[in-house]
1. Springs between alpha-carbon atoms under 10 Å, Gaussian network over the chain: tell me which of THR77, THR35, THR209 tops the mean-square fluctuations.
2. Using unit Cβ charges (K, R positive; D, E negative) and no other charged atoms, how large, in debye to the nearest 20, is the dipole of region 20-83 about its Cα centre?
3. Please find, in a Gaussian network model of the chain (springs between Cα atoms separated by less than 10 Å), the residue of LYS23, LYS54, LYS193 whose mean-square fluctuation is greatest.
4. Over the chain, average the accessible area per residue using a 1.4 Å probe and give it in Å², no decimals.
5. Can you give the net charge of the other residues whose Cβ lies under 9 Å from the Cβ of HIS73, counting K and R as +1 and D and E as -1?
6. Please report the relative contact order for the chain, taking Cα pairs under 8 Å with a sequence separation of at least 6, and give it as a percent rounded to a whole number.
7. Which Cα, out of CYS26, VAL13, VAL36, lies furthest along the positive dipole direction of region 1-47 (beta carbon charges, K/R +1, D/E -1)?
8. Kindly identify region 206-303 as rounded, prolate or oblate by the Cα gyration tensor criterion: order the square roots of the eigenvalues as a ≥ b ≥ c, call it rounded if a/c is under 1.5, otherwise compare a/b with b/c, prolate if a/b is larger, else oblate.
Amino acid sequence: MKLTDNVLRSFRVAKVFRENSDKINCFDFSSNGETVISSSDDDSIVLYDCQEGKPKRTLYSKKYGVDLIRYTHAANTVVYSSNKIDVVCVYNTNNVNFPHRVVALSMSPVDDTFISGSLDKTIRLWDLRSPNCQGLMHLQGKPVCSFDPEGLIFAAGVNSEMVKLYDLRSFDKGPFATFKLQYDRACEWTGLKFSNDGKLILVSTNGGTLRLLDAFKGAVLHSFGGYNNSKGVVLEASFTPDSQFIMIGSEDGKIHVWNAESGMKVAVLDGKHTGPVTCLQFNPKFMTFASACSNMAFWLPTIDD
């Protein structure tokens, strides 16, 4: 089954899970698409089975809290940041201490490397096999960061106006490309994501605008708006796995979908969420996606196109 405008418009909520008493601040699908793991402001980590459509296990991180949860490549191991103290935790192993609050976390798609962005205006490079930082970059302003799909380069969004691209093997020499965007003082950047084909970069903000960039030239291909975010909430925006569509939730519980090539809005879906849709990702292997406020919703298409 191929994703088309009509298929996306046909998606409906298949199941809603009410495992959490507070906002779900992050979730991540496993690379095989069989499970999704969530972190919440209620200090819980919930593991869901995507094939059976049910929660499998709940863990708690009462001491540290939990945010920015990511699967690693090792079985039953995740990395997440604390939202109470300045620490990053690797579940099943040791904690990695940070001098300031971590606001961005990206796991390499190919190995045990990950990068973090912090309120101390640094990006740090880590390896799960070592408690020590493998690399450190000082930036101007609060950073957001992300690996590309091949794990060879990473992007850093700096000061809500520049995207810098670094080669992982020589990042200490500085960025090999810098894209300067028009500064918008009405909002700040909250996330960067590469498309799966590596050709596009999606910049999300705490305002009502997304920007889509050419990953090679830095040109702004499209700006997307028309979704509700008047209170500066951090809303996750995502690509579909085929890199053809872009999705984001909104304050009013709806999900907006655009065609990445044309820039046209193709769907507005009603998730019946009770609050802002803070997290939204498409399953990497199966024709389903998940969205979350304090509840987790699994979506399925209702037509074959």
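1. Ranking THR77, THR35, THR209 by mean-square fluctuation puts THR77 first.
2. Working: 7 positive and 9 negative charges, 33 e Å.
Computed charge dipole of region 20-83: roughly 160 debye.
3. It is LYS54.
4. 44
5. Combined, the nearby Lys, Arg, Asp and Glu give -2.
6. Rounded, it is 16 percent for the chain.
7. VAL13
8. oblate
The values are calculated or read from the model by the stated rules, or taken from the named source; none is laboratory data. Since the model is a prediction, treat every value here as computed from it, not as a measurement. Methodologically, a virtual Cβ is constructed for each residue, glycine included, from the backbone with ideal geometry; neighbour enumeration extends over all protein chains shown. We work out accessible area using only protein heavy atoms, side chains counted, and drop any ligands, DNA or RNA first. Shrake-Rupley method; radii C 1.70, N 1.55, O 1.52, S 1.80 Å.
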